[in-house]
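One structure below.
The values are calculated or read from the model by the stated rules, or taken from the named source; none is laboratory data. Computed from a prediction, not measured in an experiment: that's the story for all the values here. Neighbour counts are summed over all protein chains in view; Cβ atoms, including those assigned to glycine, are modelled from backbone coordinates with ideal geometry.
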Amino acid sequence: MITRRSLLGAGVVVAAGGIGAAVAVLQPRRDPPAPRAAPPQLSHALAREQSLVAHLDAALAARPELRQVRDDHAAHAAALRRSIARYPAPASPLSSSGPPPVAATTAQLRASELAAAKAAAAESAVLTGADAALLASISASEATHAELLA
Amino acid sequence: MNTLLAAWQAALAAEHAAVAGYDVIGPRLADAAQVTLARDSQQAHRELRDATSAQLTAAGQSPVPAAADYPLPFAVTGPLNAQRFAISLESACAVAWRYLISVTDASLRSVRADAQQALTDSALRAMRWRRLVAPTEPTVPFPGI
């Protein structure tokens, strides 16, 4: 029989909250062994950030008020590069060739921000530690961009 | 207490502080729309505080109670520093929820999803206040960091 005492004694807690059906098993966190290569989620996020910077660069001439949003994405890309560089074997570079982006409409930029926020949250959800926290923060930042562009 | 539980309790403590902090902010605001923003923000923090407290109780923990007093980080005497105080409250909550994400295993999906939502919501509220204080610089690249 599993009792709360036995769970706590084993360093495990059962959490049942929220909508009621969710049950999570909480264990003291143990850092997994460092993988040899950077998680692919970081490379995917970096490619996405680089694309967003390029699209915003194309839009800046007509809409200079987008400068801070553009600079936020450049900061995201730089942070992701640093995270990837911490791994002994960097992830394979993703192809980023293609025609230069054309200036997008505000609605298109907003849709891109919403999609990026959702993708970064999903990538964060399968990672741990600093990588998860970075992508979670990037997702939150992109949600603020989307609201700003509404 | 393990790191995860300490981080979860710290997030609850930040929510308590936000609920209390908006009691100070509301009366210092003059604009009706800003008063509504403060009221809505406080209600969101109240609901998150209660939900987090219930989750910790369900997990067999004793949720941290609200503090008896919350010293102000700076004098909050009028609309401008009330807005700045709101930004600091939201930023503190964002830091707490982001930290919970950093110490929570990916298998704990509901905890992680709730923390992501809380981080995003605080980032959005901070941005709404920042638009009033610094309209040309309303966003930050890394909420919670």
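Observations, loosely collected:
- Of all the numbered requirements in (1) at pLDDT 95 or above; (2) assigned to a loop (DSSP other than H, G, I, E, B); (3) crowded, with 19+ Cβ neighbours inside 10 Å, B:R98 misses one, and that requirement is (2).
- Leading residue by the ranking (farthest from A:Q68 (Cα to Cα)) among those in region A:126-143 that are within 7 Å of another protein chain (Cβ to nearest Cβ) and within 9 Å of the chain's Cα centre (by Cα): A:A132
- Residues satisfying the criterion are absent from region B:127-145 (criterion: assigned to a helix (DSSP H, G or I), touching a Lys or Arg at 6+ places or on another chain (Cβ under 7 Å), buried (at least 20 other Cβ atoms within 10 Å of the Cβ) and at the interface with chain A (Cβ under 7 Å from one of its Cβ atoms)).
- Among residues of region B:58-82 that are more than 14 Å from chain A (Cβ to nearest Cβ), those with a beta-carbon under 6 Å from a residue that is assigned to a loop (DSSP other than H, G, I, E, B) at least six positions away or on a different chain give the pairs B:P79/B:L29; B:P79/B:A30; B:A82/B:L29; B:A82/B:V76.
- Pair list, Cβ < 7 Å and 6+ apart or interchain, from region B:1-20 residues that are more than 10 Å from chain A (Cβ to nearest Cβ) to residues that are surrounded by fewer than 19 Cβ atoms within 10 Å (Cβ to Cβ) and of a type in the set (K, R): B:V19/B:R46
- The set of residues from region B:20-43 being buried (at least 20 other Cβ atoms within 10 Å of the Cβ) and not polar (S, T, N, Q) comprises B:G21, B:Y22, B:I25, B:L29, B:L37, B:A38.
- Among residues of region B:46-55 being within 8 Å of chain A (Cβ to nearest Cβ) and of a type in the set (A, V, I, L, M, F, W, C), the one that is surrounded by the most Cβ atoms within 10 Å (Cβ to Cβ) is B:A51.
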